[in-house]
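Here is the structure we will look at, set down as structure tokens.
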Amino acid sequence: MSVIRTENLTKIYGAGEAVVIALDHVNLRVEAGEFVAVMGPSGCGKSTLLHLIGGLDRPTEGRVLLDGTDIATLSDDRVTELRRRKVGFVFQFYNLIPVLSAVENAALPLTLDGVKPEEARRRAIEWLSRLGLGDRLSNRPDQLSGGQQQRVAIARALVAEPAIILADEPTGNLDSRASDEIAGLLKRISEEWGRAVLMVTHDPRIAAYADRIIFLKDGKVVDETRLDGKGSDEAGRVRAKIEVL
Amino acid sequence: MSVRFAILGLLAQRPRHGYELRAAFEALVGGEENWDVKPAQIYTTLDRLEESGLVTEEAVEQEGGPEKRIYAITPAGRAELESWFATSVGSEHQRDEFFVKLMLSLAVDGANPYKVIQTQRAALYQRLHDVTLQRQRADPQTELAHILLLDKTVMHLEADLRWLDMVEARLDEVRRQPLPQPEVKPRGRPRRR
């Protein structure tokens, strides 16, 4: 079963003469352990797609299924709950809380979900260490480089162990070296930790890290290309493992 | 470039035999899969360099196995190498098979230029993906030269992909213009007024 699935996903803004079709019957699937990039010119519907899949916005037509659950059948509260447990977001500008430390930022989703502080802290430290920030735990965002801040944001996205990571231009604010690091991490998150990663980007170099690229234009999928990597066996193993679990 | 200057450069480091030269060349250019040379090409080049007096056969080694000729660079060879270092290398960005293919796909009935672009784009992304993985695996402490070569490839592929997007966006515009035509040159003697 696909972790992310959309069926004829359509979003129309405005009415009458001023109607804008942001997304036009988009069908896509992302599997566990798969890293998919969405590319296209600005205004092609990339971000709308991510918002609909993440339940931040409701479609005009069509459906989004996360781990088999049709999010349109859920109340707003239930969507929020589902999003908190199944989806991790990574944004272009990190969206960290300036007065909180790396650990406190990364632990936030758990804290908000009522997990005990000790436990939240332990899990945040675990993810930050895996992402190479074990020695920056008590730094505040302004004491970290852009790449490090984005890694804190990725730890925050992963701390609730979601099946899905949605990344909106995650390297848009980073230099090329840090961009490569972050793209490499997103690849690991799918390959090693078996998450479904869907990333919107306009940067070909960053998209090239993915297993598959979907091209969007005027709200429609116009092309799709699968990249056969030497790492694809690894991804296959992770998928097999997850199915056993 | 011919393999000739690479051989001169490698021999300027120290004398070597043919097999060693081939291995050293392939390591230098980023592996056999990147730029392979046949042994025959190495030996033919060595023969020509020897004929021109740029390289000389220094010794023949034979330890039980087949004989190995050791080659060394001559002073004339060093001068040739120096003049190579002193000149620039041309680029062939404007001599582009894909460009020709795309333009003709606009002009030939039944050909689909959008499909031509898509096919090319998929291939470029696949290549970029492969190079990116290679680059990730390379160790910057010991393989910096190889990494820099991969970086160059990445940058060119990135440029090719961006150019493809640009062309795709303007395809209808370019279609409205005729293909570049040869200049009409008047035949015969120019007329005097």
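None of the figures in this text is laboratory data; all of them are computed from the coordinates on show. Since the structure is predicted, the reported quantities are computational estimates derived from the model, not experimental observations. Methodologically, a virtual Cβ is constructed for each residue, glycine included, from the backbone with ideal geometry; neighbour enumeration extends over all protein chains shown.
Below are the figures for this structure:
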read-out	value
Solvent-free Debye scattering, log10 I(q)/I(0), computed from the Cα coordinates of chain A at q = 0.10 Å⁻¹	-0.46
Selected from A:Ile154, A:Ile97, A:Ile165 as most flexible by GNM, with chain A as the system and alpha-carbon contacts under 10 Å	A:Ile97
Alpha-carbon gyration tensor eigenvalues x 5, square-rooted, for segment B:3-85, Å	19, 18, 10
Residues B:Ala59 and A:Val222, FRET efficiency given R0 of 56 Å [Cβ-Cβ distance, rounded to 0.05]	0.30
Protection proxy ranking, peptides B:58-69, B:107-118, average beta carbon neighbours within 10 Å, highest first	B:107-118, B:58-69
Principal-axis tilt of helix B:97-107 within chain B, Cα atoms, nearest 10 degrees	20 degrees
Packing-based order for A:125-133, A:109-117, B:82-90, using average beta carbon neighbours within 10 Å, highest first	A:125-133, A:109-117, B:82-90
HN-Hα J in Hz across segment B:66-81 - Karplus 6.51, -1.76, 1.60, θ = phi - 60°, x for Gly and Pro	x, 6, 10, 8, 9, 9, 9, 7, 9, x, 5, x, 4, 5, 4, 5
Cα-Cα pairs of segment A:92-147 separated by more than 13 Å (percent)	57 percent
Neighbouring partner chain Cβ atoms per residue of B:151-162, average, 10 Å criterion	2
Expected 222 nm ellipticity per residue - DSSP helices of 4 or more, -39500 (n - 2.57), all of chain A, to 500	-11000 deg cm²/dmol
Residues A:Asp211, B:Asp130 arranged by fewest to most Cβ contacts within 10 Å	B:Asp130, A:Asp211
Helix-derived mean residue ellipticity, 222 nm - over chain B, DSSP H n ≥ 4, -39500 (n - 2.57), to 500	-19000 deg cm²/dmol
22 Å Cα-Cα threshold exceeded, pairs from A:Lys220/B:Lys101; A:Lys11/A:Lys46; B:Lys101/B:Lys185	A:Lys220/B:Lys101; B:Lys101/B:Lys185
Amide H contacts under 5 Å for A:Lys220, placed H, 5+ residues apart	A:Asp24
Inter-centroid distance (Cα atoms) of segment B:82-121 relative to segment A:20-92, Å	39 Å
Integer Hz, Karplus 6.51/-1.76/1.60 couplings in order for segment B:82-91, x for Gly and Pro	4, 5, 5, 4, 7, 10, 8, 10, x, 10
15 Å beta-carbon shell around A:Asp168, net charge (K/R +1, D/E -1)	0
Per-q log10 I(q)/I(0), chain B, q = 0.08, 0.17 Å⁻¹ (Debye; single scatterer per alpha-carbon; no solvent)	-0.49, -1.12
Inter-chain Cβ neighbour average for residues B:130-141, partner chain, 10 Å	3
Using θ = phi - 60° and Karplus 6.51 cos²θ - 1.76 cosθ + 1.60, couplings along segment A:146-155 (whole Hz; Gly, Pro as x)	x, x, 5, 4, 5, 5, 4, 4, 5, 4
Exposure proxy ranking, count of Cβ atoms within 10 Å, fewest first, for A:Val152, A:Val197, B:Val131, B:Val100	B:Val100, B:Val131, A:Val152, A:Val197
Taking segment A:4-244 and dividing mean pair separation by its residue count, relative contact order in percent (alpha carbons under 8 Å, at least six apart)	29 percent
Spin-label proximity, A:Ile12 to segment A:52-86 - amide N less than 13 Å from point 7 Å beyond Cα toward beta carbon	A:60-62
Within a Gaussian network of chain B (alpha carbon springs, distance under 10 Å), most fluctuating of B:Leu144, B:Leu21, B:Leu161	B:Leu144
Cβ-based charge dipole, the protein assembly as shown, positive-most Cα from A:Phe89, A:Leu52, B:Val116	B:Val116
Cα gyration tensor, the protein assembly as shown - rounded (a/c under 1.5), prolate or oblate	oblate
Listed peptides A:4-16, B:169-181 by packing density, highest first (mean Cβ within 10 Å)	A:4-16, B:169-181
Contact order relative to length of chain B, as percent, for alpha carbon pairs under 8 angstrom and 6 or more apart	16 percent
Around A:Gly132: net Lys/Arg minus Asp/Glu count, Cβ-Cβ under 12 Å	+2
Average beta carbon contacts from partner chains per residue of A:202-214, 10 Å cutoff	5
Amide H partners (placed H, <5 Å) of A:Ser101, local residues excluded	none
